[in-house]
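Visitor: Provided herewith is a single structure, encoded as C-alpha coordinates, for subsequent inquiry.
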Amino acid sequence: MSQRPDDHRRKWNREDYERLALLRLQEEIAEDDLGIPKQPAVKRELLKQRDYKVDLESKLGKSVVINKSTPSSQTGGYYCNVCDCVVKDSINFLDHINGTKHQRNLGMSMKIERSTLDQVKARFAANKRKLEERRKDYDLEQRVKELKEEEEKVKEYRKEKRKDKKRRMEEEDNDDAGPSDEMAAIMGFSGFGSKKK
(Lines give C-alpha, C1' and ligand atoms only; values in the text may rest on other atoms or scores of the structure.)
Protein backbone atom coordinates (compact mmCIF):
# COMPACT_ATOMS: atom_id res chain seq x y z
CA MET A 1 0.00 0.00 0.00
CA SER A 2 1.23 3.43 -0.91
CA GLN A 3 0.85 6.16 1.56
CA ARG A 4 -1.20 9.22 0.72
CA PRO A 5 -0.03 12.60 1.93
CA ASP A 6 -2.33 14.20 4.45
CA ASP A 7 -2.61 17.41 2.44
CA HIS A 8 -2.96 16.78 -1.30
CA ARG A 9 -3.64 20.40 -2.31
CA ARG A 10 -1.24 22.40 -4.44
CA LYS A 11 1.17 24.62 -2.57
CA TRP A 12 1.98 28.17 -3.67
CA ASN A 13 5.36 29.57 -2.92
CA ARG A 14 4.52 33.06 -1.72
CA GLU A 15 8.12 34.28 -1.92
CA ASP A 16 8.47 33.38 -5.61
CA TYR A 17 5.30 35.25 -6.56
CA GLU A 18 6.30 38.30 -4.52
CA ARG A 19 9.66 38.31 -6.34
CA LEU A 20 7.94 38.11 -9.77
CA ALA A 21 5.57 40.97 -8.89
CA LEU A 22 8.51 43.11 -7.74
CA LEU A 23 10.38 42.44 -11.04
CA ARG A 24 7.32 43.42 -13.10
CA LEU A 25 6.91 46.62 -11.09
CA GLN A 26 10.57 47.52 -11.66
CA GLU A 27 10.19 46.97 -15.42
CA GLU A 28 7.17 49.28 -15.55
CA ILE A 29 9.08 51.99 -13.66
CA ALA A 30 12.04 51.59 -16.06
CA GLU A 31 9.75 52.01 -19.09
CA ASP A 32 8.31 55.19 -17.60
CA ASP A 33 11.83 56.56 -17.03
CA LEU A 34 12.84 55.86 -20.64
CA GLY A 35 9.88 57.90 -21.93
CA ILE A 36 8.21 55.07 -23.79
CA PRO A 37 4.59 56.17 -24.01
CA LYS A 38 2.02 53.68 -22.87
CA GLN A 39 -0.76 52.77 -25.24
CA PRO A 40 -3.70 55.02 -24.34
CA ALA A 41 -7.07 53.45 -23.80
CA VAL A 42 -9.24 53.59 -26.90
CA LYS A 43 -11.31 56.76 -26.78
CA ARG A 44 -14.69 56.14 -28.38
CA GLU A 45 -17.30 58.65 -29.44
CA LEU A 46 -20.49 58.97 -27.48
CA LEU A 47 -23.57 57.40 -29.02
CA LYS A 48 -25.35 59.73 -31.43
CA GLN A 49 -28.42 59.70 -33.65
CA ARG A 50 -28.16 58.26 -37.17
CA ASP A 51 -28.08 60.94 -39.87
CA TYR A 52 -29.23 58.59 -42.62
CA LYS A 53 -32.37 56.55 -43.25
CA VAL A 54 -32.05 52.78 -42.94
CA ASP A 55 -33.06 51.21 -46.27
CA LEU A 56 -35.26 48.20 -45.55
CA GLU A 57 -37.60 48.33 -48.55
CA SER A 58 -35.38 48.65 -51.65
CA LYS A 59 -35.15 44.89 -52.26
CA LEU A 60 -38.71 44.16 -51.17
CA GLY A 61 -40.59 41.96 -53.67
CA LYS A 62 -37.62 41.48 -56.02
CA SER A 63 -36.12 38.19 -57.14
CA VAL A 64 -32.35 37.71 -57.30
CA VAL A 65 -30.38 34.82 -58.77
CA ILE A 66 -27.57 33.77 -56.41
CA ASN A 67 -24.56 31.70 -57.58
CA LYS A 68 -21.50 30.43 -55.75
CA SER A 69 -19.56 33.38 -57.16
CA THR A 70 -22.07 36.02 -56.01
CA PRO A 71 -20.47 38.39 -53.48
CA SER A 72 -21.90 38.25 -49.96
CA SER A 73 -23.18 41.83 -50.23
CA GLN A 74 -25.56 40.78 -53.04
CA THR A 75 -26.85 37.53 -51.57
CA GLY A 76 -30.25 37.23 -49.92
CA GLY A 77 -30.82 39.27 -46.79
CA TYR A 78 -29.47 42.55 -45.49
CA TYR A 79 -25.73 43.23 -45.76
CA CYS A 80 -23.84 45.26 -43.13
CA ASN A 81 -20.71 46.69 -44.74
CA VAL A 82 -19.28 47.85 -41.38
CA CYS A 83 -19.28 44.38 -39.84
CA ASP A 84 -19.13 42.49 -43.19
CA CYS A 85 -22.03 40.21 -42.36
CA VAL A 86 -25.40 39.26 -43.84
CA VAL A 87 -28.56 39.26 -41.72
CA LYS A 88 -31.58 37.37 -43.04
CA ASP A 89 -34.51 39.59 -42.02
CA SER A 90 -35.28 43.23 -41.29
CA ILE A 91 -35.98 42.86 -37.57
CA ASN A 92 -32.65 41.13 -36.92
CA PHE A 93 -30.91 43.71 -39.14
CA LEU A 94 -32.31 46.55 -37.03
CA ASP A 95 -31.24 44.70 -33.87
CA HIS A 96 -27.76 44.30 -35.36
CA ILE A 97 -27.23 47.94 -36.34
CA ASN A 98 -28.46 49.09 -32.91
CA GLY A 99 -26.32 46.52 -31.09
CA THR A 100 -23.03 46.95 -29.25
CA LYS A 101 -20.85 45.02 -31.74
CA HIS A 102 -21.92 47.21 -34.68
CA GLN A 103 -21.60 50.43 -32.65
CA ARG A 104 -18.11 49.44 -31.50
CA ASN A 105 -17.09 48.77 -35.12
CA LEU A 106 -18.34 52.28 -35.93
CA GLY A 107 -16.11 53.65 -33.16
CA MET A 108 -18.81 54.53 -30.66
CA SER A 109 -19.33 53.54 -27.09
CA MET A 110 -22.83 52.75 -25.88
CA LYS A 111 -22.82 55.80 -23.59
CA ILE A 112 -25.08 58.73 -24.38
CA GLU A 113 -24.06 62.36 -24.10
CA ARG A 114 -25.79 64.02 -21.20
CA SER A 115 -27.73 67.08 -22.35
CA THR A 116 -27.24 70.39 -20.59
CA LEU A 117 -30.01 72.74 -19.57
CA ASP A 118 -29.10 75.15 -22.39
CA GLN A 119 -29.36 72.39 -25.01
CA VAL A 120 -32.81 71.39 -23.74
CA LYS A 121 -34.01 75.01 -23.78
CA ALA A 122 -32.68 75.45 -27.34
CA ARG A 123 -34.54 72.30 -28.47
CA PHE A 124 -37.78 73.56 -26.90
CA ALA A 125 -37.35 76.92 -28.63
CA ALA A 126 -36.74 75.24 -32.01
CA ASN A 127 -39.85 73.07 -31.62
CA LYS A 128 -41.90 76.13 -30.65
CA ARG A 129 -40.73 77.98 -33.80
CA LYS A 130 -41.73 75.01 -35.98
CA LEU A 131 -45.19 74.96 -34.38
CA GLU A 132 -45.65 78.69 -35.02
CA GLU A 133 -44.65 78.28 -38.67
CA ARG A 134 -47.28 75.57 -39.08
CA ARG A 135 -49.92 77.82 -37.57
CA LYS A 136 -49.04 80.59 -40.02
CA ASP A 137 -49.36 78.18 -42.92
CA TYR A 138 -52.77 77.08 -41.67
CA ASP A 139 -55.29 79.51 -43.15
CA LEU A 140 -58.75 78.99 -41.69
CA GLU A 141 -60.75 80.58 -44.50
CA GLN A 142 -58.98 78.62 -47.19
CA ARG A 143 -59.44 75.39 -45.24
CA VAL A 144 -63.19 76.04 -44.84
CA LYS A 145 -63.44 76.75 -48.57
CA GLU A 146 -61.66 73.48 -49.39
CA LEU A 147 -63.97 71.54 -47.06
CA LYS A 148 -67.07 73.05 -48.71
CA GLU A 149 -65.78 72.13 -52.17
CA GLU A 150 -65.07 68.62 -50.98
CA GLU A 151 -68.57 68.29 -49.52
CA GLU A 152 -70.09 69.51 -52.79
CA LYS A 153 -68.11 66.94 -54.73
CA VAL A 154 -69.31 64.21 -52.40
CA LYS A 155 -72.92 65.39 -52.76
CA GLU A 156 -72.62 65.45 -56.58
CA TYR A 157 -71.12 61.98 -56.55
CA ARG A 158 -73.93 60.62 -54.37
CA LYS A 159 -76.55 62.36 -56.52
CA GLU A 160 -75.08 60.85 -59.72
CA LYS A 161 -74.94 57.46 -58.06
CA ARG A 162 -78.62 57.66 -57.05
CA LYS A 163 -79.63 58.77 -60.58
CA ASP A 164 -77.63 55.96 -62.11
CA LYS A 165 -79.20 53.41 -59.78
CA LYS A 166 -82.70 54.75 -60.53
CA ARG A 167 -82.04 54.61 -64.29
CA ARG A 168 -80.83 51.00 -64.02
CA MET A 169 -83.90 50.02 -62.00
CA GLU A 170 -86.20 51.60 -64.64
CA GLU A 171 -84.38 49.78 -67.45
CA GLU A 172 -84.75 46.47 -65.60
CA ASP A 173 -88.45 47.13 -65.02
CA ASN A 174 -88.96 47.98 -68.71
CA ASP A 175 -87.10 44.87 -69.81
CA ASP A 176 -89.00 42.63 -67.40
CA ALA A 177 -92.38 44.34 -67.89
CA GLY A 178 -92.82 43.60 -71.64
CA PRO A 179 -92.83 39.82 -71.92
CA SER A 180 -94.22 39.14 -68.45
CA ASP A 181 -97.25 41.46 -68.99
CA GLU A 182 -98.08 39.75 -72.24
CA MET A 183 -97.67 36.32 -70.66
CA ALA A 184 -99.88 37.33 -67.70
CA ALA A 185 -102.60 38.58 -70.06
CA ILE A 186 -102.50 35.32 -72.04
CA MET A 187 -102.72 33.26 -68.85
CA GLY A 188 -105.59 35.34 -67.54
CA PHE A 189 -104.16 37.13 -64.52
CA SER A 190 -102.66 40.56 -64.11
CA GLY A 191 -99.72 39.94 -61.79
CA PHE A 192 -97.99 37.88 -59.18
CA GLY A 193 -99.19 39.94 -56.19
CA SER A 194 -96.15 42.22 -56.07
CA LYS A 195 -96.83 45.74 -54.93
CA LYS A 196 -93.72 47.18 -56.60
CA LYS A 197 -94.03 48.37 -60.18
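Visitor: Could you give the nm distance between label points at L147 and V65, where each point is 7 Å from its Cα heading toward the beta carbon?
Guide: Here the answer is 5.8 nm between the modelled labels.
Visitor: Here's something else I'd like to know. Of K48/K130; K62/K161; K48/K128; K59/K101; K53/K88, which ones are farther than 29 Å apart at the Cα?
Guide: K62/K161, as the Cα separations exceed 29 Å there.
Visitor: Let me ask you something else. Which whole-Hz couplings ³J(HN,Hα) result when phi for each residue of segment 52-66 is put into the Karplus expression 6.51 cos²θ - 1.76 cosθ + 1.60, θ = phi - 60°, listed in order with x for Gly and Pro?
Guide: For segment 52-66, the Karplus-derived couplings read 10, 8, 6, 8, 10, 10, 5, 9, 5, x, 10, 9, 10, 8, 10 Hz, x marking Gly and Pro.
Visitor: Ok, one more. So, for segment 43-119, what is the accessible surface per residue at a probe of 1.4 Å, expressed in square angstrom?
Guide: Per-residue value: 84 Å².
Visitor: Let me ask something else. Can you tell me the FRET efficiency between T75 and V120 if r is taken as the Cβ-Cβ distance and R0 is 45 Å, rounded to the nearest 0.05?
Guide: Efficiency for this residue pair is about 0.50.
Visitor: Whole-Hz Karplus ³J(HN,Hα) for segment 73-81, in order, using 6.51 cos²θ - 1.76 cosθ + 1.60 and θ = phi - 60°, x for Gly and Pro?
Guide: Running phi through 6.51 cos²θ - 1.76 cosθ + 1.60 with θ = phi - 60° gives 6, 10, 7, x, x, 10, 9, 9, 6 Hz.
Visitor: Using a simple charge model, +1 on the beta-carbon of Lys and Arg, -1 on the beta-carbon of Asp and Glu, nothing else, what dipole does segment 34-108 show about its Cα centre, in debye to the nearest 20?
Guide: Using only the charged Cβ atoms, the result is roughly 240 debye.
Visitor: Multiplying the sequence separation of L94 and W12 by 0.36 nm and subtracting their Cα-Cα distance, what value in nm do you get?
Guide: 24.4 nm
The values are calculated or read from the model by the stated rules, or taken from the named source; none is laboratory data. These numbers come from a predicted model, not from an experiment. Methodologically, a virtual Cβ is constructed for each residue, glycine included, from the backbone with ideal geometry; neighbour enumeration extends over all protein chains shown. What goes into the accessible areas is simple: the full protein's heavy atoms, side chains included, and nothing from ligands, DNA or RNA. Shrake-Rupley method; radii C 1.70, N 1.55, O 1.52, S 1.80 Å.
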